[in-house]
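To start, the structure itself, in structure tokens.
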Amino acid sequence: KQEVTQIPAALSVPEGENLVLNCSFTDSAIYNLQWFRQDPGKGLTSLLLIQSSQREQTSGRLNASLDKSSGRSTLYIAASQPGDSATYLCVGTDTDKLIFGTGTRLQVFP
Amino acid sequence: GAGVSQSPRYKVAKRGQDVALRCDPISGHVSLFWYQQALGQGPEFLTYFQNEAQLDKSGLPSDRFFAERPEGSVSTLKIQRTQQEDSAVYLCASSLDRAAYEQYFGPGTRLTVT
């Protein structure tokens with residue numbers, strides 16, 4: 001059974017710092033990998049989708065990489081801002097369903 | 001364009017009541033997914049539709065849970081004889097075609113069983 005683990009579980013940093021969120025999955029047969037953010041009381045917002053043939057994706061201050069051979073993905077957040085405060089979820093996909101990681105709760109303080 | 005919508009946003013049910021949760025996916029999205037998110041946990045897969053066909057219902061926790069998508073668009077998740085452990089946020093997502101494509105999530109329905 002595919003399991004997705006995220007480290008750290010929680011992170012609190014001053015604004016301006018560059019951050020690294022880690023994700024590992026047990027089954028390297030993962031198809032795609034997607035990073036979401038979830039704000040309290042709200043739904044999930046897709047940040048980046050790395051398809052099976054890709055190694056990384058970038059959007060603004062966000063960069064996500066995928067290493068299928070090691071079963072790891074990393075989300076980089078550059079120059080963090082208080083608005084980045086949320087829970088970040090790493091999500092693996094097989095062809096029919098998503099498997100969610102345990103999440104990293106990020107707080108960026110002014 | 002319009003995203004995935006869910007209704008109601010909040011539902012309080014007394015133990016033993018039946019509830020129905022609605023999901024309107026993005027127009028043209030073939031695949032629709034339901035997830036359950038308990039407090040402090042990540043979402044967990046419940047069931048998946050490809051058009052009107054329910055291809056995977058392996059995540060439904062009991063036979064009290066039933067989902068349908070009769071016309072391949074709107075979907076309803078029904079929970080019969082609700083129990084306190086059913087309290088959670090129920091998330092709906094849609095994608096162009098299967099989980100391999102980017103999934104778009106609705107705001108969720110927060111169900112509280114008292």
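No value in this document is a laboratory result; all are computed from the given coordinates. Quantities reported herein were computed from a predicted structural model and do not represent experimental measurements. Note that we place each Cβ from the backbone using ideal geometry, even for glycine, and neighbour counts take in every protein chain shown.
Structure notes:
- Eligible aspartates and glutamates near B:Lys14 by straight Cα distance, threshold 14 Å, same-chain separation 8 or greater: B:Glu85, B:Asp86
- Choice from B:Phe66, B:Phe33, B:Phe49 with maximal GNM fluctuation in chain B (Cα, 10 Å cutoff): B:Phe66
- Residue mean of other protein chain beta carbons inside 10 Å, B:39-45: 6
- Among the trypsin sites (Lys or Arg not before Pro) in the range B:46-114, those located in a DSSP loop and surrounded by at most 16 other Cβ atoms within 10 Å of their own Cβ are B:Lys57, B:Arg64, B:Arg81.
- Placing +1 on the Cβ of every Lys and Arg and -1 on the Cβ of every Asp and Glu, with nothing else charged, gives chain A a dipole about its Cα centre of roughly 80 debye.
- Residue by residue along B:48-60, Cβ atoms of other protein chains within 10 Å of the local Cβ number 1 on average.
- Most fluctuating residue given options B:Gly42, B:Gly72, B:Gly28, as computed from a GNM of chain B linking Cα atoms under 10 Å: B:Gly42
- For chain A, the pair-distance distribution built from all alpha carbon pairs, in bins 5 Å wide starting at 0, is 2, 13, 25, 26, 19, 10, 4, 1, 0 percent.
- Shielding by other protein chains, A:33-43, mean Cβ within 10 Å: 3
- Given A:Lys68/B:Lys57; A:Lys68/A:Lys97; A:Lys42/A:Lys97; B:Lys57/B:Lys78, the pairs whose alpha carbons are separated by over 23 Å: A:Lys68/B:Lys57
- Kirkwood Rh, angstrom, chain B [1 / mean 1/r, Cα pairs]: 13.9
- Taken over the range A:51-110, the ratio of Cα radius of gyration to 2.2 N^0.38 Å equals 1.25.
- Within chain B, percent of DSSP bridges classed antiparallel, to nearest 5: 90
- Distance-filtered residues of the range B:30-47 - backbone nitrogen under 14 Å, label point 7 angstrom along B:Gln80 Cα→Cβ: none
- Here the protein assembly as shown was treated as a single set of alpha-carbon atoms; its pair distances binned every 10 Å from 0 give 8, 33, 35, 19, 4, 0 percent.
- Where trypsin sites (Lys or Arg not before Pro) fall in DSSP loop in the range A:1-107, at most 14 other Cβ within 10 Å: A:Lys1, A:Lys42, A:Arg55, A:Arg61
- Cα principal axis extents for the range B:43-107, largest first, Å: 34, 22, 19
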